[in-house]
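The values are calculated or read from the model by the stated rules, or taken from the named source; none is laboratory data. It should be emphasised that the depicted structure is a prediction, and the values quoted were computed from it without experimental measurement. Virtual Cβ from ideal backbone geometry, glycine too; neighbours counted across all protein chains shown.
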Amino acid sequence: MMNRFSRRSATLALVLGSSLCLPGPGQADELPANARHAHEHEHDEHEVHETIVVTASPLAHDRDELAIPVDRIDRSELLENLGTTIGDSIDHLPGIASTGFAAGASRPVIRGQDAYRSEVLEDSLGTHDVSRESPDHAVPINPLAAERIEVVRGPATLRYGGSASAGVVNVITNRVPDELPDEAIGGEVFGGIGLLANERDFAAKLEGAHGPVAWHVDGLFRSANDYAIPNDGSPSVQAGTSYDAFSGAVGAAWLHDVGRLGMSYNHIDNDYEIPETGERVEIDMKSDRVRFEGDLEAPTDFLRSVRMRGVYTDYEHKEVADGTVGQTYRNEEFEGRLEALHEPVWDFTGAIGLHGRTRDFEGTGEAAEFLSPTDTDSIALYIFEERLLPLDLTAEFGARFEYTNVEGRDIADVRHDRDFAPMSGALSLISMPLDWLTVGLRGAVSQRAPSQVELFARGPHEATATFEVGDPGLDEETSYTGDFRIEAKHARGRLEFAGFVTRYDDYVFAALSGNTVDEDGNPVAPTDPDALDELFYRSRNALFYGTEVQGSFDLLEFDWGTIGLDGRFDFVRARFTSGQDRDLPRIVPIRWGSGLTFDGEPVSMRVGFVRTEGQDRTGAFETSTKSFTFIDATFAYRVEPVPGIPLEFTVAGRNLSDVRGRNHVSFNKDDVLLPGRSVRFGLRAQF
């Protein structure tokens, strides 16, 4: 497999590299200092209070200038809401949930969609894991490694493909520096403890420069026991929720007026348990990731800049039951992106990009019974443009043309070689009729090639207790999305409303048949201890729609601080458009909440609640969940005992009322309770 993978990776890298001569788009993901505010539409600089985001568009924008909602979580906010996984750390945002299968494995869910329609990225390229193949598989990014996280709610398929039809979570690490630091050396140290599961967190980074070379080093370690759960007043724990995680990375970049060249290496070692009945099951994950980046500033009069990004990942995890390795998953993947940002042409500013991936997946042991070795290759060309229109309207439009090939064997061990040609397009209009008002409207059409699991699943899947059968005849899934966003800002606060409707043609889903079988697919009684639920991947037309509201307002201002109020609301409705059993399974319930805040120096704090309503609109053979309310609180105290070394002490409490709750999105919600009362303490030092 290595030789075949190496040849395919080299071919893809050659295609990407040879395309440097194309008049293509500039990568705004990590803009250097001399280009950071250089996007067009008649303004070259942003106000200092604006929040620049780089994920939603090849052109860096303030979040208020976008047609779809984008949230940016900076380091301080991330540490206050720190969870075990990326999904846990951002699920306080409207429209965002997490799969919640295990404490060490919880993938983000955007607008009711996870896995194949919500993309999780590290520095704007894929994580190259197997978390899409099963909910018990973790995303190998620890939230403590993030400088910030950007979340796009809405289609981001032009740059990232059909797997981003619901949105994107982009974890930005700065492991390949994009500018020379002001100091020769600096860094951060963070330590934390938690009372829920004896959590221990430690993270440190160093950054500096020597001449034109900037460098970065970071490392982290986290551990926890099984977490405590509410149990009618009796202390108890949720078995199978412990974890140990380690990550270390080094990176460097050479920076010059003509451009930048850099690379980084990251190693992850992550051990975590998964909840199972009757046995102790642990996943031992390892991942090695090499990233390279290159920038070329103003190579021609026509091109503003050219950006190349590439990542190679060697991933493996073993699933160990009662001390014995039962199955092993391996994934070897290369991904590259080339973008070139061009100078204005007829008042159009934009980018052309080339994006490719090649992937070799292999499962051994029991994993080979679920999915045979598969190969997946894709290459895509995309274009993005924007232009000012009369009446202070900004128009954005783009298109993506892709070729995808998937090879694998079905349940009859027949080899299939499927070719797909997904296409996507989008048109947005953004208006700022008043200084304090933004209105955005977007229409998008996107297609997605079926995944290897949807095509070729062929046997028992122990983690979800299912016997899964793919359909090698599935065609592209097509989505039609309309997004509306309106945001009002004031010196004392902001209010944002977003609404969306998505129609899916040939929506691919996992359909339970209602039968139970053994690991060979033979019918057995549901009471059989080895019974598995039979599941087939099918396609039907479906409709998703929903809204998200969030806002904050300063109620009272004093010399010593400001008292404010914030709130959030979101809901998603998802149904098949015809036939019986029209409700889709595992859709996020309605959630709403509010909080009272205080922001001052040196103290800030918040006390609030989140209400999760019951969900009885369930899919076939799915159970409902009851409503519950979590009370949360955060406290931060900032001090600088030594000049130049600020300290920040934080206390964060979740579910302070210690109520019982279940995550309706989770496959194992009937067996796993959400954590009980949690209190975390953290100390952060910067220098």
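Looking at 501, 508, 517, just one residue is of a type in the set (Val, Ile, Thr), touching a residue at least 24 places away in the same chain (Cβ under 8 Å) and farther than 30 Å from residue 68 by Cα, and that residue is 517. Considered as a group, the residues in region 181-195 that are among the charged types (D, E, K, R) and part of a loop (DSSP other than H, G, I, E, B) include one that is nearest to residue 686 (Cα to Cα), and that residue is 183. On the basis of being among the polar types (S, T, N, Q) and either in contact with a His (Cβ under 9 Å, 6 or more places away or on another chain) or closer than 30 Å to residue 282 by Cβ (or both), does residue 374 make the cut? The answer is yes for residue 374.
Answer with yes or no whether residue 418 is out of contact with any helix residue (DSSP H, G or I) (no Cβ under 7 Å at 6 or more places or on another chain) and in a strand (DSSP E or B). Criteria not met by residue 418. When restricted to residues that are closer than 21 Å to residue 108 by Cβ, without any contact (Cβ under 8 Å) to a residue 40 or more places away in the chain and among the small types (Gly, Ala, Ser), region 558-597 contains 1.
Apart from one condition, residue 498 fits all of (1) small (Gly, Ala, Ser); (2) more than 17 Å from residue 418 (Cα to Cα); (3) surrounded by fewer than 23 Cβ atoms within 10 Å (Cβ to Cβ); (4) out of contact with any helix residue (DSSP H, G or I) (no Cβ under 6 Å at 6 or more places or on another chain); the exception is (3). Is it the case that residue 411 is under 25 Å from residue 350 (Cα atoms), surrounded by fewer than 19 Cβ atoms within 10 Å (Cβ to Cβ) and β-branched (Val, Ile, Thr)? Considered against the rule, which asks whether it is under 25 Å from residue 350 (Cα atoms), surrounded by fewer than 19 Cβ atoms within 10 Å (Cβ to Cβ) and β-branched (Val, Ile, Thr), residue 411 comes out as no.
Here 267, 317 are screened, and the one residue that is surrounded by fewer than 22 Cβ atoms within 10 Å (Cβ to Cβ) and either in a strand (DSSP E or B) or without any contact (Cβ under 8 Å) to a residue 40 or more places away in the chain (or both) is 267.
All conditions but one from (1) part of a strand (DSSP E or B); (2) β-branched (Val, Ile, Thr); (3) touching an Asp or Glu at 6+ places or on another chain (Cβ under 8 Å) apply to residue 623; the one that does not is (1). Candidates 613, 601, 622: the one that is acidic (Asp, Glu) and loosely packed, with under 15 Cβ neighbours inside 10 Å is 601. In region 108-134, of all residues being in contact with a helix residue (DSSP H, G or I) (Cβ under 6 Å, 6 or more places away or on another chain) and not in a strand (DSSP E or B), the one that is surrounded by the most Cβ atoms within 10 Å (Cβ to Cβ) corresponds to 134. Screening 356, 443, 363 for residues that are modelled with pLDDT under 95 and in a strand (DSSP E or B) leaves exactly one candidate, 363.
A quick yes/no check of all residues on (1) buried (at least 23 other Cβ atoms within 10 Å of the Cβ); (2) modelled with pLDDT of 95 or more; (3) part of a strand (DSSP E or B):
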position	(1), (2), (3)
292	no, yes, yes
301	no, no, no
327	no, no, yes
340	yes, yes, yes
343	no, no, yes
367	yes, no, no
377	no, yes, yes
391	no, no, no
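Only one entry in 252, 228, 239, 245 is among the hydrophobic types (A, V, I, L, M, F, W, C), under 29 Å from the mean Cα position of the chain (by Cα) and more than 27 Å from residue 194 (Cα to Cα), namely 252. Summed over region 499-523, residues that are out of contact with any Leu (no Cβ under 8 Å at 6 or more places or on another chain) and over 14 Å from residue 575 (Cβ atoms) total 9. Scanning region 391-419 for residues that are of a type in the set (Gly, Ala, Ser) and under 29 Å from the mean Cα position of the chain (by Cα) returns 395, 398, 399, 408. Of the residues 412, 395, the single one that is outside any strand (DSSP E or B), free of Cβ contacts under 8 Å to residues at least 60 places away in the same chain and of a type in the set (A, V, I, L, M, F, W, C) is 412.
Among the residues of region 547-557, are any closer than 28 Å to residue 454 by Cα, touching a residue at least 60 places away in the same chain (Cβ under 8 Å) and over 22 Å from the mean Cα position of the chain (by Cα)?
For region 547-557, residues closer than 28 Å to residue 454 by Cα, touching a residue at least 60 places away in the same chain (Cβ under 8 Å) and over 22 Å from the mean Cα position of the chain (by Cα): absent.
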